[in-house]
Amino acid sequence: MGWKHISLTCVRYPEDDLVGKILAYSSVTPIFIVVAFVTLIFFKRDVHTIFYFLGILLNESCNSILKMVIAESRPIGAIGHSLYGEYGMPSSHAQFMCFFAMYFTLFLWIRIHSLSFGNMDMIWRTIATLIAQCVAVIVCISRVYLEYHTPSQVAWGAIIGTLTGSCWFAIVQLLLTPLFPDIVCNRIGEFLMLRDCTLIPNILWFEYTSLKSEAKTRLRKIR
């Protein structure tokens with residue numbers, strides 16, 4: 001059976017294999033997450049989002065170091081090994097996605113403040129958590145199915161990503177968050193227009209009501 005490329009990427013999947021094609025597309029999820037972070041940081045300037053992304057970058061650096069130290073090859077005959085010749089332990093995709101999913105889960109249930117922790121609030125947090133965790137699992141499965149990694153390489157990547165995600169969340173929550181007001185209020189923070197949304201319960205509702213109120217005020221001045 002031949003292998004096909006996904007356009008603009010180096011990800012391959014078995015030709016005429018629908019499952020492989022779906023898993024191959026899921027395998028590029030980290031790219032979309034990185035693009036989403038860069039976009040959010042550029043337009044929102046939220047300091048917590050910046051530190052979340054910084055944790056992702058540190059997690060990737062940790063993965064690169066571990067690969068060089070452990071120096072375990074990818075599976076024999078794997079497309080990734082024949083193309084790049086880089087090591088496979090631990091899986092960077094698994095580590096990336098599990099870091100993201102673990103941090104995201106802790107963020108939803110610990111970080112986000114809610115004035116009314118009711119049924120609807122529980123439902124949307126649960127749904128969002130399940131989606132993040134399921135996507136992480138699917139990406140992990142794709143790395144084995146597409147023969148880029150062995151099951152142990154993916155398993156260790158998932159374990160390390162979960163641990164680093166938990167640790168980084170604890171560092172941000174307990175050590176860095178108290179520094180956020182100082183970061184946004186210093187000269188560099190003001191120049192970059194950084195924002196600290198930690199104490200705002202619902203940032204979407206806050207932005208909506210603030211913009212609506214400001215628009216009404218400006219409209220009255222025009223009239």
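The values are calculated or read from the model by the stated rules, or taken from the named source; none is laboratory data. Since the model is a prediction, treat every value here as computed from it, not as a measurement. Reconstructed Cβ throughout: ideal geometry from the backbone, glycine too, with neighbour counts over all protein chains shown. Areas reflect the complete protein model, heavy atoms only, side chains present, ligands, DNA and RNA absent. Shrake-Rupley method; radii C 1.70, N 1.55, O 1.52, S 1.80 Å.
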Handout entry: Residue within the stretch 187-196 that is open to solvent by less than 50 Å² (accessible area, probe 1.4 Å) and touching a residue at least 24 places away in the same chain (Cβ under 8 Å) present
Key = yes
Practice task
Find the helices (runs of 4 or more DSSP H) located wholly in the stretch 135-223 whose residues include 2 or more that are farther than 27 Å from F51 by Cβ and more than 20 Å from the chain's Cα centre (by Cα), and list them.
Solution key: 151-171, 203-222
Practice task
Pairs only if they're at least six apart or on different chains, beta carbon under 7 angstrom, first in the stretch 19-37 and within 16 Å of V144 (Cβ to Cβ), second small (G, A, S) and part of a helix (DSSP H, G or I); list them, first residue then second.
Solution key: L23/S142; A24/S142; S26/S142; S27/S142
Fill in the blank from the handout: Restricting attention to the stretch 18-34, the residues that are more than 19 Å from F107 (Cβ to Cβ) and open to solvent by 30 Å² or more (accessible area, probe 1.4 Å) number exactly 6
